[in-house]
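Have a look at the structure below before the remarks.
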Amino acid sequence: MNRRRRRSFSRNGFSLVEALVALLVLSVGLLGLAMLQAQGMRFNTESYMRSQATVLAYEIIDRMRANPGALAAGNYDIATSGAAGTALTNYQACRTTGCACSAATSCNSANLALHDLGKWLEAQVGDTANGLPAALAVDTSNYSTIERAGTLVTVTMRWMELRGDTREPVTQLWQVVIN
């Protein structure tokens, strides 16, 4: 009878070793889920930035299509990051002197192009004067650019993405023919 008790007693419950193994397996699984969540958030942020870049690229392309005279005159050409910075500075100065295009003022095609470029660049870097956040994390020494060769327009979007502990530049191109 004593043997039967031992057998039935040894089959009941968990031993300490089994409980520790179960706890170890559970903790490894939870750590894996936490890493999966962190990776998912990173990929989601990268996807958001690429989506914002696409929206901004198509926005300026549509603005160029709507203003063909300024496009043909080269008013949308900002082939270098320095030219983009100058266009943004010119727009911000123009905005304060009243030459910007708005409901209150009329403008010619060159002023409209300056307005379009200024709004486009401000959307990327943020409009600190009006408290608007940046759509892209842009390094202001490396702005997005627009190059034109005849009817072929190349919009190059640049922004910074966080990879691990460092910020790395990302460049994406859109090429369209505007007739």
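Key figures for this structure:
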item	result
Conditions (1) out of contact with any Asp or Glu (no Cβ under 7 Å at 6 or more places or on another chain); (2) surrounded by fewer than 16 Cβ atoms within 10 Å (Cβ to Cβ); (3) modelled with pLDDT under 90; (4) part of a strand (DSSP E or B): number failed by PRO169	(1)
Region 106-127, subset over 14 Å from the mean Cα position of the chain (by Cα) and of a type in the set (S, T, N, Q), residue farthest from VAL155 (Cα to Cα)	SER106
Residue within region 113-122 that is among the aromatic types (Phe, Trp, Tyr) and at pLDDT below 90 present	no
Residues of region 135-166 that turn out to be modelled with pLDDT of 75 or more, farther than 15 Å from SER81 by Cβ and either not small (Gly, Ala, Ser) or not in a strand (DSSP E or B) (or both), as a count	10
Failed criterion for ALA83 (all others in (1) farther than 26 Å from LEU162 by Cβ; (2) in contact with a helix residue (DSSP H, G or I) (Cβ under 8 Å, 6 or more places away or on another chain); (3) assigned to a helix (DSSP H, G or I) hold)	(2)
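The values are calculated or read from the model by the stated rules, or taken from the named source; none is laboratory data. Since we're looking at a predicted model, the values are computed, not measured. Cβ sites come from the backbone with ideal geometry, for glycine too, and all protein chains shown count toward neighbours.
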